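Before any comments, here is the structure.
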Amino acid sequence: MKCRHCGSALRCDFLDLGFAPPSNAYLAAEDLSKPEVYFPLRLKVCEECWLVQTEDYASAESLFSPEYAYFSSASSSWLVHAARYVEMITRRLGLGQQSMVIEVASNDGYLLKNFVAAGIPCLGVEPTDSTADAAEKLGIPVLREFFGEALGKRLADESKGADLILGNNVYAHVPDINDFTKGIKAALKAGGTVTLEFPHVMRLIEQNQFDTVYHEHFSYLSLFTVGKIFESAGLRVFDVEELPTHGGSLRVYGCHADDPRQTTDAVTTLLAEEETRGLRSSAVYADFQVKAEKVKNDALAFLIEAKRAGKTVAAYGAAAKGNTLLNFAGVKPDLVPFVCDAAAAKQNKFMPGSHIPILHPDVISERRPDYVLILPWNIATEVRQQLATLAEQGTKFVTAVPDLKIQ
Ligand SMILES: [Zn+2]
């Protein structure tokens with residue numbers, strides 16, 4: 001297999017999670033009597049550009065026909081994050097009624113609604129109908145397409161180029177990252193700015209976040225690698241911020257390569273830190289499998305011990321990362337009888353692979369388990385606040401990543 005960015009042969013293994021069904025392939029009751037498709041879930045790292053990437057496998061297109069879609073507005077902390085970003089970027093770039101903002105993967109309008117409220121023209125690009133419908137109801141124009149070079153050029157030709165292009169948690173999810181980046185180059189006006197947020201592979205490695213690995217998540221990115229990809233598309237990273245979201249993300253600021261804006265010290269400093277932490281040498285990648293297995297074994301040991309001691313366990317948050325952990329660990333409903341999730345679209349379905357039933361959050365309060373395993377550890381604080389009454393009644397909360405914590 002060749003690197004998706006630079007085409008070099010991929011020789012260095014990063015992580016092997018065995019086989020798993022697509023993490024968003026939630027099952028209805030009638031699906032439980034049908035066969036379930038598992039794909040290999042393995043990552044490699046390119047020793048030329050250091051892009052960490054999923055291994056190719058057959059029939060990848062079947063991953064992209066989900067009936068279920070994630071609605072960004074379901075997370076209150078994410079809504080606050082989006083509103084703060086809009087306020088900051090509007091001020092920083094001096095955006096106004098003459099500006100044009102394009103968000104790629106605009107989802108249900110969780111972010112662009114803030115630009116609509118400020119009277120700043122915007123356009124969402126979102127191929128998923130259910131979320132695009134929700135965004136249009138908020139008065140946001142949406143193009144129901146996948147973003148890439150062809151669409152970027154068309155937007156520029158139709159004089160719909162943007163002063164700001166933004167993408168939150170989409171860059172790591174596109175199969176063809178070069179084509180996507182060329183699309184940004186094409187659709188960005190002269191003097192325009194692009195901001196992209198994605199989980200930082202440096203934090204993934206440091207914090208044992210192997211459960212953020214799933215098939216639809218094609219790339220695991222460092223600032224160094226994003227700089228290389230931008231460069232080959234005629235763009236340049238001129239600033240970067242580290243964010244606490246998703247266990248540690250980067251927000252990169254890019255512009256055309258010939259833009260006069262100076263590259264900030266933040267870029268130079270973070271590039272140096274990545275180098276110091278070994279992100280440009282094979283050893284740090286080669287060691288990761290052992291760390292992932294330790295997290296998995298500790299979580300599994302906890303569940304088995306709880307069961308032996310006659311304690312009850314429930315999980316909270318039917319998130320993609322939960323499916324990665326449960327399927328790598330081979331957990332089934334005998335160890336975790338149910339998981340609760342606030343998203344109505346997931347309720348009364350079953351987790352792919354583990355077949356653990358997904359129930360309304362009220363059930364967790366009714367059944368008062370001894371332990372609640374919070375699968376999306378990135379929102380653990382939010383979940384603990386929501387379930388504060390349970391804690392008063394003696395329930396303990398468990399997170400598995402970066403290492404097993406019971407509190
Ligand atoms: Zn490469």
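For the reader, a short list of remarks on this structure follows.
- Cα shape, the range 280-329, gyration tensor, a/c 1.5 rule: oblate
- Prolate/oblate/rounded call for the chain, Cα gyration tensor, a/c under 1.5 rounded: prolate
- Pairs of alpha carbons in the range 137-217 separated by more than 17 Å make up 55% of all such pairs.
- Across every direction, the projection of the convex hull enclosing the Cα atoms of the range 113-153 has a mean area of 3.0 nm².
- Length available on full extension from Asp287 to Glu366: 0.36 nm per residue minus the Cα-Cα distance, which gives 24.1 nm.
- Beta bridges by DSSP in the chain, antiparallel share as percent, to the nearest 5: 50 percent
- Label-to-label distance, Gln393 versus Asn348, with points set 7 angstrom from Cα along the beta-carbon direction: 2.4 nm.
- Among Ser77, Ser222, the order of accessible area from largest down is Ser77, Ser222, computed with a 1.4 Å probe on protein heavy atoms.
- Note on the range 218-268: semi-axes of the ellipsoid equivalent to its C-alpha gyration tensor, largest first and rounded to whole Å, are 20, 14, 8.
- Per residue, the chain exposes 42 Å² of accessible surface when a 1.4 Å probe is rolled over the protein heavy atoms with every protein chain present.
- Looking at the range 187-295 alone, DSSP beta bridges between its own residues are antiparallel in about 95 percent of cases.
- Panel values: the range 296-407, Kirkwood radius from alpha carbon pairs, Stokes-Einstein at 37 °C and 0.692 mPa s, translational diffusion coefficient 240 µm²/s.
- Above-threshold pairs, the threshold being 22 Å between Cα atoms, out of Lys296/Lys321; Lys34/Lys349; Lys34/Lys321: Lys34/Lys321
- The ellipsoid that matches the Cα gyration tensor of the range 215-301 has semi-axes, each √(5λ) in whole angstrom, of 30, 14, 13, with the longest given first.
- Modelled spin-label separation between Thr263 and Asp334, with each label point placed 7 Å from Cα along the Cα-to-Cβ direction: 5.6 nm.
- Inter-centroid distance (Cα atoms) of the range 122-139 relative to the range 293-327, Å: 36 Å
- FRET efficiency, 1/(1 + (r/R0)^6) with R0 56 Å, evaluated for Arg144 and Asp16 via beta carbons: 0.95
- Rounded if a/c under 1.5, otherwise prolate or oblate - the range 1-142, Cα gyration tensor axes: oblate
- Max mean-square fluctuation residue, GNM over the chain, Cα-Cα springs under 10 Å, options Arg154, Arg308, Arg261: Arg308
- Highest-fluctuation residue, His355, His246, His81 considered, GNM on the chain with Cα pairs under 10 Å: His81
- For the chain, calculated [θ]222 nm from helices alone, where every DSSP H run of n ≥ 4 adds -39500 (n - 2.57): -9500 deg cm²/dmol
- Length-normalised contact order of the chain in % [C-alpha pairs under 8 Å, at least 6 apart]: 15 percent
The values are calculated or read from the model by the stated rules, or taken from the named source; none is laboratory data. Bear in mind the structure is a predicted one, so any value in this text is a computation, not a measurement. Because the Cβ atoms are built from the backbone with ideal geometry, glycine has one as well, and the counts that use them run over all protein chains shown. Surface accessibility is based on the protein's heavy atoms, side chains included, excluding ligands, DNA and RNA. Shrake-Rupley method; radii C 1.70, N 1.55, O 1.52, S 1.80 Å.
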